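S.K.: Please find one structure pasted underneath; my questions will follow.
The values are calculated or read from the model by the stated rules, or taken from the named source; none is laboratory data. Because the structure is a prediction, the values reported are computed rather than measured. For neighbour counting, all protein chains shown are included, and Cβ atoms are generated from backbone atoms with ideal geometry for every residue, glycine included. Areas reflect the complete protein model, heavy atoms only, side chains present, ligands, DNA and RNA absent. Shrake-Rupley method; radii C 1.70, N 1.55, O 1.52, S 1.80 Å.
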Amino acid sequence: WNSGPAIGPGGVIFVVSRAHYGPNDTSLVALNPDLSPKWTFRMREILDHGCFVLATSCRSGAPRGVDPSNGLRPTVGVSDQGSSVPVALPDGAVLYGGFSAYNGARGHLVKVSPTGQLMGTYDFGWDVTPAVWRHGDTYSIVTKDNHYFDAQGNEGPYNMTQLSRDLGIEWRYTSTETRSCSTLPDAGLDCVSDHPDGFEWCVNAPAVSPDGTVYAN
């Protein structure tokens, strides 16, 4: 409902698809400029780091790596509550940020090659359309990287993270503001420290200037 297409090099069109009422039966689809199918990459059951890797709420004896909700290999889900849009990359590959619940609702970012093969994943993708910063003969990927809660109910840290083209971490910046503030009639501020873990980066798509400076709220 809330997604849109992306257009890559050569006019290739990328869209995300899912079965009706089936957020765990998902695909990334590439179309030629005339809308004929180019390839389909199924995102169902492509992950292997569920139980006892990233998921902690698993029954004793559950197979390692499965999704605790169904016992299958985890899927990069597509939720109607998200607004993630595929991101066409300079080298013809494509990114998509999907949902997974077992890793603290952080989702997963998936990268697919120009010919429709899995190139890698990153353990955050929920409701984000990452920015791409081209520099030299390569590029970097900038995404919010929130930790919403863990098995003990702790929140944070809330990061902005820059990834290499291979989805390796290049840097992280953590939200450290703890105060909620309102403006007073005399233009002063009235603040209360009520967010000990910092504030979530509640942004669907960060912006990056040509020099690599990142803007996000």
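S.K.: I'd like to know if segment 59-78 contains one or more residues that are of a type in the set (A, V, I, L, M), within 20 Å of the chain's Cα centre (by Cα) and farther than 24 Å from ALA151 by Cβ.
M.R.: yes
S.K.: Can I ask one more? Considering SER69, SER79, which residue is surrounded by fewer than 16 Cβ atoms within 10 Å (Cβ to Cβ) and in contact (Cβ under 8 Å) with a residue 24 or more places away in the chain?
M.R.: The conditions single out SER69.
S.K.: Also, I was wondering about something else. Quick one: in segment 26-48, of everything that is in a strand (DSSP E or B) and without any contact (Cβ under 8 Å) to a residue 24 or more places away in the chain, which residue is surrounded by the fewest Cβ atoms within 10 Å (Cβ to Cβ)?
M.R.: Here the answer is PRO37.
S.K.: Can you tell me which residue within segment 1-12, out of those that are outside any loop (DSSP other than H, G, I, E, B) and open to solvent by 30 Å² or more (accessible area, probe 1.4 Å), is farthest from GLY82 (Cα to Cα)?
M.R.: Top of the filtered list is GLY10.
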